Every structure is written in structure tokens, then in C-alpha cells.
1. Contact list please: Cβ distance under 6 Å, first residue in the stretch 65-77 and without any contact (Cβ under 8 Å) to a residue 40 or more places away in the chain, second residue of a type outside the set (Asp, Glu), pairs at least six apart or on different chains.
2. Please tell me if TRP51 is within 16 Å of the chain's Cα centre (by Cα), without any contact (Cβ under 8 Å) to a residue 24 or more places away in the chain and part of a helix (DSSP H, G or I).
3. Residues in the stretch 9-31: is at least one at negative phi, in contact with a Gly (Cβ under 8 Å, 6 or more places away or on another chain) and of a type in the set (S, T, N, Q)?
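Just so you know, all these numbers are worked out from the coordinates, no wet-lab data involved. From a predicted model like this one, the values you see are computed outputs, not experimental measurements. Please note: Cβ atoms are built from the backbone with ideal geometry, for glycine as well, and neighbour counts cover all protein chains shown.
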Amino acid sequence: MKNFWQTIHDRWRNHMPVFFKRLMWLGGLMSGTAIAVHEVFSHYDIVADDWWLFIERYLIGGGAGIVFACKFTQTYGKNGEPIRKDVRGQVPGSTKSRKGSARDLSPDIPNNCDMVAEQPSDEN
């Protein structure tokens with residue numbers, strides 16, 4: 001069972017093809033819009049038409065299904081192995097910082113935990 005969840009985690013973090021990124025955005029927009037319309041109807045006690053009540057569940061479920069399927073689609077390299085990089089360009093599970101982060105540009109800056117505030121002296 002642990003291997004199953006590890007596979008799900010790896011696929012969630014893997015690199016996605018650009019087409020599926022756009023399709024995922026479209027599915028999320030479709031589902032989110034349907035949920036927003038439902039919430040407006042519920043908040044203002046508006047009685048929706050029958051056609052809306054019929055298609056609403058398919059818009060929400062279809063959009064969520066599109067997002068789910070797209071998110072678990074991976075990009076494979078020339079050797080047949082999946083490309084193990086997430087959206088931010090990091091290898092899943094690594095602690096390596098992002099390329100171009102402030103920490104990479106100026107390694108002289110200490111971490112916040114390394115900084116010690118100077119105590120005021122009572123010598124006056």
C-alpha cells in the first residue's frame with residue numbers, strides 16, 4: 001500500500017506536457033465556474049431551471065475528472081523513463097533550491113536562524 005501512495009505522490013509531482021497543463025486549467029475553470037454559479041443560486045435562494053440542475057453535476061464532475069487525469073499524465077524521456085521533475089523544476093524529494101533563487105544569487109546572506117541580534121549595552 002505504501003508503494004501505491006508513493007506512485008501517486010511521484011506522479012503528482014512529475015513533469016506534465018504543456019497540452020495537459022492547458023487542459024487542466026480549462027477543466028478547473030469549467031468546474032470552478034459551475035461551483036460558483038451553484039453557490040450564487042444557493043446564497044440568494046434562486047430556483048435554478050431544470051436544465052441547469054441536470055448539467056451542473058456533469059460540469060463539476062467532468063472538470064474534476066479532466067484535472068485528475070491531466071495531473072497524473074507524465075512526460076517520458078527518450079529512454080522510456082518518466083521525467084522526474086515537478087512543476088518548479090525540482091526532483092521530487094530533494095532539498096535542492098530552485099535555480100535563480102535569492103539564496104543561490106547571494107550565498108553570503110546568512111539564514112534567519114544564524115542571525116543574532118546585538119544586545120544593547122548598559123555602559124553609558
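1. Sorted first by the residue in the stretch 65-77, then by its partner, the pairs are TYR76/PRO82; GLY77/ILE83.
2. no
3. yes
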